[in-house]
1. Along region 143-153, what does the Karplus equation 6.51 cos²θ - 1.76 cosθ + 1.60 (θ = phi - 60°) give for ³J(HN,Hα), rounded to whole Hz, x for Gly and Pro?
2. Scan region 86-116 for trypsin sites (Lys or Arg not before Pro) in coil per DSSP, keeping those whose Cβ has at most 12 other Cβ atoms within 10 Å, and list them by number.
3. Around residue 149, which amide H atoms from residues at least 5 apart in sequence, or from another chain, sit under 5 Å from its own amide H, with H modelled in the peptide plane?
4. Please work out the ratio of the alpha-carbon Rg of region 80-228 to 2.2 N^0.38 Å and round it to two decimals.
5. Scan around residue 34 for amide H atoms under 5 Å from its own, H built in the peptide plane at 1.01 Å from N, and keep only partners 5 or more places away or cross-chain.
6. Tabulate in residue order the Karplus-calculated ³J(HN,Hα) for region 20-26, using 6.51 cos²θ - 1.76 cosθ + 1.60 with θ = phi - 60°, rounded to whole Hz; enter x for Gly and Pro.
7. Just the accessible area per residue of region 1-45, please: how many Å² with a 1.4 Å probe?
8. Long-range amide H contacts for residue 4: which residues qualify at under 5 Å (H placed 1.01 Å from N, peptide plane, sequence gap of 5 or more or a different chain)?
Amino acid sequence: MVRIRVLVIDDHRIFAESLAAALAAEPDVDVSAAGSGPAALRCLERAASEGRRFDVLLVDADLGAALPGTTRPAVPVRDADEDRVDGISLVTGVRSAQPGVRVVVLAEKDDPRRAALALQAGASGWVAKDCSLNRLLTVIRGVLRDETHLPPALLTGVLRELTAARRHRTESERLVESLTPREREVLRCMVAGLGRKAVAERLFLSPHTVRTHMQNVLGKLGVHSTLAAVALARRAGVGPVDLGPPPGGRIGAEETHSA
């Protein structure tokens, strides 16, 4: 029997453990749970290193929320300066690093705009947290067949959001074209979910220089967060940087001027 490896990611511990226990009762499901974005990234990296990659991630739409009714600022998927990861940024980073992993977002309420953002980030489904276990299992098995699952009540709103996003594509492309080659390179790293220190190591720059480039990128794109910059970049067709080993030959080199 082929077993499905599932990782539940939710910072509400009781919910995560209860859902994991329910899924574990299925004969063809192996399930683990992570209580935060950083913990999920560690699970994913460990599983990949052991050759046991997860097949499906179930990600809390409100992952990283500070308090009920509020949301933490969006942060890169990986940033040594922050111990927070929001749900949609996690989707972006995981899908960039491990394209074979399918992601389903679990939500407290229907939200066409956020559901559209999740799909644009690479999610394959948006499911209510209070759906039945049978429904969730249907979605899990469906996304592994490359199906996309949305609640029927969300379809019209999501299609409207995606249509609006297409209209914004031309403007997004114009803004991206205003970036210097180095800034576009930094933007691609941001799309891949890399934080400032990871970008600095990859591009052989100092973290301070990378921060300057990131600030310039946000300013030229007219946005105020990494998540917004990544969303705009994706609308413009900007893909993530290849996350393979960085090119050698310039270790220790550093840019001393703005590109």
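1. Taking θ as phi minus 60°, the curve returns 5, 5, 9, 6, 7, 10, 10, 9, x, x, 5 Hz for region 143-153.
2. Those satisfying the criteria are 109.
3. 125, 126
4. Cα-based Rg divided by the globular estimate yields 1.17.
5. It is 8, 9, 10, by chain and number.
6. For region 20-26, the Karplus-derived couplings read 4, 5, 5, 5, 5, 6, 6 Hz, x marking Gly and Pro.
7. The answer is 49 Å² per residue.
8. 29, 30
The values are calculated or read from the model by the stated rules, or taken from the named source; none is laboratory data. Model, not experiment: these values are computed from the prediction. Quick reminder, even Gly has a Cβ in these numbers, built from the backbone with ideal geometry, and neighbours come from all protein chains shown. To get the accessible areas, we keep the full protein, side chains included, count just its heavy atoms, and leave off ligands, DNA and RNA. Shrake-Rupley method; radii C 1.70, N 1.55, O 1.52, S 1.80 Å.
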